[in-house]
Amino acid sequence: MGVGARLRQLRQEKNLSQGDITETTGLARSYISRVEHGHTVPSVETLHRFAAALGVPLYKIFYRSEEALVRLRGPERSLEHLASEEGTGAEEARFLMKMKEFSAKMDESERALLLQFARKLAHNRPRHREPRDPAGSRHGSVGAGQIS
């Protein structure tokens, strides 16, 4: 669903007409119609005006319902359920369950230390890895100047 269709849906849910939106926002009724039918894309400032007129926070214009998110992602599964499956995801779930168990036994300072360590590891992690060539690393590669 596009922004225009979502605006129309919200307006209709509030039992407002395009004329009501015109009075509140000062936008031309023809412009509101073009937005709702997807013929023009409003600016962020205009979206703020629409949101105020509809009495909703701005994010609601882009928000999908929880039911729609479940259809996109599938049903939520617990960590325990994931751990009972096979594969890499299950291994990671089992590791996270162990970490959860260990962190429950830690005091606040130990948890803070662990989080600081994890942040350092994540920050220092190489962004791009080159495949290692054991033969090339010992003897160097042959460049264009070395070919006879």
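Values as computed for the structure displayed
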quantity	calculated
Residue in the stretch 1-16 that is least open to solvent (accessible area, probe 1.4 Å), counting only those that are touching a helix residue (DSSP H, G or I) at 6+ places or on another chain (Cβ under 9 Å) and among the small types (G, A, S)	G4
Selection from the stretch 25-45 of residues that are at pLDDT 90 or above and either touching a Phe, Trp or Tyr at 6+ places or on another chain (Cβ under 9 Å) or of a type outside the set (S, T, N, Q) (or both)	T25, G26, L27, A28, R29, Y31, I32, R34, V35, E36, H37, H39
Pick from the stretch 22-40, criterion among the small types (G, A, S) and open to solvent by 40 Å² or more (accessible area, probe 1.4 Å), ranking: nearest to A52 (Cα to Cα)	G26
Conditions (1) surrounded by 13 or more Cβ atoms within 10 Å (Cβ to Cβ); (2) modelled with pLDDT of 80 or more; (3) not in a loop (DSSP other than H, G, I, E, B); number of the one not met by G19	(1)
Residue in the stretch 46-68 that is modelled with pLDDT under 75 and at positive phi present	no
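The values are calculated or read from the model by the stated rules, or taken from the named source; none is laboratory data. What you see is a predicted model, and the numbers here were worked out from it, not measured in a lab. Quick reminder, even Gly has a Cβ in these numbers, built from the backbone with ideal geometry, and neighbours come from all protein chains shown. When the accessible area is computed, the model is the full protein with side chains, heavy atoms only, and any ligands, DNA or RNA have been set aside. Shrake-Rupley method; radii C 1.70, N 1.55, O 1.52, S 1.80 Å.
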